[in-house]
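**Q** The structure's right below; bear with me while I get my questions together.
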Amino acid sequence: MTTRKPTMADVARHAGVSLKTVSRVVNQEPHVRASLQQRVHDSISALGFRRNEAAARLARGATMLTLGLVMENISNEFYARLAAAVEAAAAEHEALVVFGSYEERPDKERMLIESMHARGVDALIVVPSAADHSWLAEHGGPRTVFVDRVPRGLDRADVVMLDDERGGRTATAHLLAHGHRRIALISDDDGLSSVHHRARGYRAALREAGVAADEALVVRGVFDPGRVSYEVGRLLDLPGPPTAFFATNNRAAIGVLQALRGRPERPAYVGFDDFALAGLFSPGVTVVRYDIDRLARGAVELLLDPVREPRRITVPVELVARGSGELPPVV
């Protein structure tokens with residue numbers, strides 16, 4: 001078994017400085033205090049960090065830190081926006097970002113993480129799959145921050161997440177406030193913390209309103225709009241159909257729109273995640289929205305902060321009413 005080579009992130013943690021400071025010292029850049037330089041050099045010696053990798057970067061004309069972003073699928077608007085936001089936040093710290101999509105395959109997610117580590121990526125931002133991530137604790141590797149979801153199997157991890165339960169509660173309470181009692185839930189993999197918490201918020205809102213949750217109106221594990229469209233049509237054909245829908249992600253909201261095209265029913269619906277055309281439909285799509293730049297900036301800043309104790313940042317959400325969530329139930 002080979003011993004893992006120390007990275008600049010390891011040096012930063014050992015010296016108690018930022019990755020940016022280590023990069024500047026390694027690359028012999030000016031404007032670093034002598035005391036900080038000494039701390040970094042002492043940590044380099046203590047850890048046995050080899051600077052030939054940095055020298056190779058200099059030979060290529062690159063002096064930036066390299067951050068890896070591992071996410072589910074960049075073709076999804078959420079991930080495309082997240083990638084752009086991470087790249088913008090990293091640029092503020094003179095860092096470069098490389099991307100990889102695992103396309104809902106945990107084996108590919110692990111391959112991407114290990115590949116980026118082997119290629120000398122200094123730190124990682126990961127949107128974790130539903131798989132167990134306990135292997136990362138033994139694997140070592142660069143400093144990692146998780147975004148949007150809490151990784152399974154890791155008790156100590158830096159996470160930047162949305163206030164998902166509040167979002168699910170707010171969306172469902174909004175539909176309840178407009179007279180709906182049969183509210184369907186269309187959700188992704190319940191093994192994902194974000195999906196689980198949004199569904200928990202949905203159930204909490206029903207419970208607080210004295211409305212019993214009907215499991216016949218709950219759909220789990222639907223990933224693409226086509227499958228969502230089928231499930232929505234199936235629910236609307238029930239003897240006691242739902243009068244409203246809460247969709248836990250942008251793909252599910254699009255699937256609801258597809259299902260309603262050409263149908264006489266006018267159920268209300270609220271989606272989680274805003275999307276580019278949400279305001280152009282008639283009625284516009286009511287959504288739970290958040291600041292994705294804040295999500296990305298929080299992840300980058302955690303990576304560049306040398307604090308050792310794991311931290312969790314929660315980004316707030318808000319409901320944006322555009323019409324679809326305000327439709328009354330049709331009796």
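**Q** Could you give me the percent of Cα pairs per 10 Å distance bin for the stretch 233-300, shortest bin first, beginning at zero and ending with the bin that holds the maximum distance?
**A** With a bin width of 10 Å, the distribution comes to 18, 46, 23, 9, 3, 0.
**Q** OK, next. Evaluate Rg over Rh across the stretch 101-154, taking Cα atoms for both radii and Kirkwood's formula for Rh.
**A** 0.91
**Q** Using 0.36 nm times the number of residues separating Arg105 and Arg200, minus their current alpha carbon distance, what extension gain do you get?
**A** 31.7 nm
**Q** Within the accessible area of the chain, what % is carbon and sulfur when the probe is 1.4 Å and the other protein chains stay in place?
**A** 51 percent
**Q** Taking R0 as 25 Å, what FRET efficiency do you get between Glu301 and His31 from their Cβ-Cβ distance, rounded to the nearest 0.05?
**A** 0.75
**Q** Work out how much length Asp132 to Leu319 would gain on full extension: take 0.36 nm times their residue separation and subtract the Cα-Cα distance, in nm to one decimal.
**A** In short, 64.1 nm is gained.
**Q** With a point put 7 Å past each Cα toward its Cβ, work out how far Glu208 is from Asp293 in nm, to one decimal.
**A** It works out to 3.0 nm between the two label points.
**Q** Sticking with this one: What FRET efficiency, computed as 1/(1 + (r/R0)^6) with R0 = 25 Å and r the Cβ-Cβ distance, is obtained for Arg234 and Ala80, rounded to the nearest 0.05?
**A** Efficiency for this residue pair is about 0.25.
**Q** Can you quote the Å³ per residue value for the convex hull of the Cα atoms in the stretch 187-331, rounded to an integer?
**A** 133 Å³
**Q** Filter the trypsin sites (Lys or Arg not before Pro) in the stretch 70-162 to those in DSSP coil with at most 10 other Cβ atoms within 10 Å of their Cβ, and list the result.
**A** Answer by residue number: Arg156.
**Q** What does the charge count around Ser75 come to, taking other residues whose C-beta lies under 13 Å from its C-beta (Lys +1, Arg +1, Asp -1, Glu -1)?
**A** That sum, taken over residues with Cβ under 13 Å, equals -3.
**Q** D for the chain, whole µm²/s, Stokes-Einstein with Kirkwood Rh over alpha-carbon pairs at 37 °C and 0.692 mPa s: what number?
**A** For these conditions, the coefficient is 153 µm²/s.
**Q** Could you provide, to the nearest whole Å², the per residue accessible area of the stretch 187-242 with probe 1.4 Å?
**A** 44 Å²
**Q** Stretch Arg119-Arg263 to full length: gain in nm at 0.36 nm per residue minus the Cα-Cα span?
**A** Result for the pair: 46.6 nm of gain on full extension.
**Q** Related question: Quick check on the chain: helices-only [θ] at 222 nm, where DSSP H runs of length 4 and up contribute -39,500 (n - 2.57) each and the sum goes over total residues. Nearest 500, please.
**A** -12500 deg cm²/dmol
**Q** Let me ask you something else. With springs only between Cα atoms under 10 Å apart, run a GNM on the chain and tell me which of Phe281, Phe272, Phe245 wobbles the most.
**A** Phe281
**Q** Evaluate the distance, in nm, between pseudo-label points positioned 7 Å from the Cα of Leu280 and of His178 along their respective Cα→Cβ axes.
**A** 2.2 nm
The values are calculated or read from the model by the stated rules, or taken from the named source; none is laboratory data. Computed from a prediction, not measured in an experiment: that's the story for all the values here. A quick note on method: Cβ atoms are made from the backbone with ideal geometry, for glycine too, and the neighbour counts reach across all protein chains shown. The protein model used for the area step is the full one, side chains on, heavy atoms only, and it has no ligands, DNA or RNA in it. Shrake-Rupley method; radii C 1.70, N 1.55, O 1.52, S 1.80 Å.
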